[in-house]
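Enquirer: To start, I am sharing the structure in question, which I have written as structure tokens.
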Amino acid sequence: MSETIKAIVAGKDRIIAVWEWQQAGDLYTITKNAAREIEHTNLRLDRIINNSRLSAEAKRDDRKDAGLDSLKTLAKSAARLEGLRVEHQARTNRLAAVAPYSDGDAATALIDLEIARHLAAMKDESARVIMLVTGEQPRLTEAVLRLPPMLSGLSDAEHRRISAAAIERANPTESRLVADEAEQLNTASKAVTKAFKLIVEMTGAELVAQVAVAGEQAAQLVNVPQNVIESIQARAERGAA
């Protein structure tokens with residue numbers, strides 16, 4: 001039975017996610033907590049706005065503080081999701097019969113990176129995906145599944161499709177469970193990102209502050225190009241030196 005996970009903002013329901021699986025486990029909890037964090041922030045903002053003892057400046061500062069507290073919480077959820085995604089990928093690769101890197105085996109990693117560069121340079125993107133989905137060149141598929149999708153010029157959805165096909169070939173009985181977990185991860189990640197965006201809109205959090213609290217998860221959470229994030233982070237590092 002599916003569940004529509006919502007958050008009430010300014011008296012209106014905002015849909016954060018539609019959960020199609022068992023309503024239990026870490027991924028479900030993270031998704032639910034993203035919605036709760038929005039509502040918690042909304043309540044804090046209402047209390048601040050309605051506090052007649054606060055000046056306009058104090059209210060503005062308190063709103064920013066409330067927003068940053070919630071954004072930090074969501075960044076922790078995003079970090080937890082990243083850890084779960086790494087664990088999922090390791091299980092996926094085992095089921096797809098893709099051997100992990102061995103300690104000290106730099107040669108395989110270098111070859112994989114060269115394969116990824118070759119694939120990313122292919123002009124026929126559809127042909128690239130079909131080749132990897134069918135597994136007609138197993139060594140190329142292995143490299144793709146060991147590396148992040150972007151290095152091979154693939155979208156996350158294409159990478160999941162290639163992974164699912166590899167599992168279906170090597171371990172068909174587990175393929176459905178792994179595919180479900182991948183969708184759950186995707187749903188939870190989108191919910192956390194949406195919650196982050198909504199709280200930014202509600203509190204007016206400045207871009208530099210967003211990047212700072214998001215930390216290593218800024219690329220997922222902050223709604224600006226990657227080069228802007230990297231520039232802000234570089235300036236922060238120079239300032240801290």
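Enquirer: Do the conditions hold for residue 79, that is, is it within 22 Å of residue 215 (Cα to Cα), at pLDDT 95 or above and in the same structural domain as residue 216 (by TED's automatic domain parsing)? Give the steps one after another, and end with the answer.
Expert: Numbers: within 22 Å of residue 215 (Cα to Cα): yes; at pLDDT 95 or above: yes; in the same structural domain as residue 216 (by TED's automatic domain parsing): yes.
For residue 79, the condition - within 22 Å of residue 215 (Cα to Cα), at pLDDT 95 or above and in the same structural domain as residue 216 (by TED's automatic domain parsing) - is met.
Enquirer: Just checking, how many residues over segment 181-208 are closer than 13 Å to residue 41 by Cα and hydrophobic (A, V, I, L, M, F, W, C)?
Expert: Initially, segment 181-208 is screened for residues closer than 13 Å to residue 41 by Cα, giving 195-205.
Narrowing further to those that are hydrophobic (A, V, I, L, M, F, W, C): 195-196, 198-200, 202, 205.
The number of residues fulfilling the criteria is 7.
Enquirer: Give 34, 96, 66, 56 a once-over and let me know the one that is touching a Ser or Thr at 6+ places or on another chain (Cβ under 7 Å) and farther than 25 Å from residue 217 by Cα. Walk me through it before giving the result.
Expert: Working: 34 fails: farther than 25 Å from residue 217 by Cα; 66 fails: farther than 25 Å from residue 217 by Cα; 56 fails: touching a Ser or Thr at 6+ places or on another chain (Cβ under 7 Å).
Within the list 34, 96, 66, 56, the selection yields 96.
Enquirer: While we're here: Being surrounded by fewer than 18 Cβ atoms within 10 Å (Cβ to Cβ) and either of a type in the set (Asp, Glu) or in a helix (DSSP H, G or I) (or both) is the filter here; which residues of segment 147-163 pass it?
Expert: 150, 151, 156, 157, 161
Enquirer: Moving on to the next point. Would you pick out the residues in segment 149-192 that are within 29 Å of residue 39 (Cβ to Cβ) and in contact (Cβ under 8 Å) with a residue 60 or more places away in the chain? So that I can check it myself, show each step before the final result.
Expert: Kept after step one, since they are within 29 Å of residue 39 (Cβ to Cβ), are these residues of segment 149-192: 156, 180-192.
Of everything in segment 149-192, those that are within 29 Å of residue 39 (Cβ to Cβ) and in contact (Cβ under 8 Å) with a residue 60 or more places away in the chain turn out to be 180, 181, 182, 183, 184, 185, 187, 188, 189, 190, 191, 192.
Enquirer: A further question follows. I want to confirm something. Restricting to segment 193-208 and keeping residues that are part of a helix (DSSP H, G or I) and among the aliphatic types (A, V, I, L, M), which single residue is nearest to residue 63 (Cα to Cα)?
Expert: Quick first cut of segment 193-208, residues part of a helix (DSSP H, G or I) only: 193-203, 207-208.
Right, trim to among the aliphatic types (A, V, I, L, M) and you get 195, 198-200, 202, 207-208.
Values: 195: 16, 198: 14, 199: 11, 200: 11, 202: 9, 207: 15, 208: 16 Å.
This residue is 202.
Enquirer: Hey, among the residues in segment 43-57 that are hydrophobic (A, V, I, L, M, F, W, C) and touching a helix residue (DSSP H, G or I) at 6+ places or on another chain (Cβ under 9 Å), which one's surrounded by the most Cβ atoms within 10 Å (Cβ to Cβ)? If you could, list the steps in order and put the result at the bottom.
Expert: Within segment 43-57, the subset hydrophobic (A, V, I, L, M, F, W, C) is 43, 45, 48-49, 54, 56.
Then keep just the ones that are touching a helix residue (DSSP H, G or I) at 6+ places or on another chain (Cβ under 9 Å); that gives 45, 48-49, 54.
Details: 45: 21, 48: 18, 49: 12, 54: 15.
Within segment 43-57, the match that is surrounded by the most Cβ atoms within 10 Å (Cβ to Cβ) is 45.
For every residue, the table says whether it meets (1) among the acidic types (Asp, Glu); (2) over 20 Å from residue 176 (Cα atoms).
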site	(1), (2)
91	no, no
114	yes, yes
124	yes, yes
149	no, yes
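Enquirer: If you don't mind, there's one more thing I want to ask. Determine which single condition residue 144 fails, assuming it passes every other condition in (1) assigned by TED's automatic domain parsing to the domain that holds residue 43; (2) among the aliphatic types (A, V, I, L, M); (3) within 22 Å of the chain's Cα centre (by Cα).
Expert: (1)
Enquirer: What number of residues in segment 128-146 are within 27 Å of residue 219 (Cβ to Cβ) and either part of a loop (DSSP other than H, G, I, E, B) or of a type outside the set (S, T, N, Q) (or both)? Walk me through how you get there before you give the answer.
Expert: Of segment 128-146, the ones within 27 Å of residue 219 (Cβ to Cβ) are 128-129, 132-133, 140-146.
Cutting the leftovers down to either part of a loop (DSSP other than H, G, I, E, B) or of a type outside the set (S, T, N, Q) (or both) gives us 128-129, 132-133, 140, 142-146.
Residues meeting the conditions: 10.
Enquirer: Right, next: Any residue in segment 225-241 that is farther than 12 Å from residue 207 by Cα and without any contact (Cβ under 8 Å) to a residue 60 or more places away in the chain sitting within a Cβ distance under 6 Å of a residue that is part of a helix (DSSP H, G or I) and of a type outside the set (S, T, N, Q)? List the pairs, counting only those 6 or more apart or interchain.
Expert: Here the result reads 226/219, each pair linking segment 225-241 to a residue that is part of a helix (DSSP H, G or I) and of a type outside the set (S, T, N, Q).
The values are calculated or read from the model by the stated rules, or taken from the named source; none is laboratory data. What you are looking at is a predicted structure, and each value in this text was computed from that prediction instead of being measured. Reconstructed Cβ throughout: ideal geometry from the backbone, glycine too, with neighbour counts over all protein chains shown.
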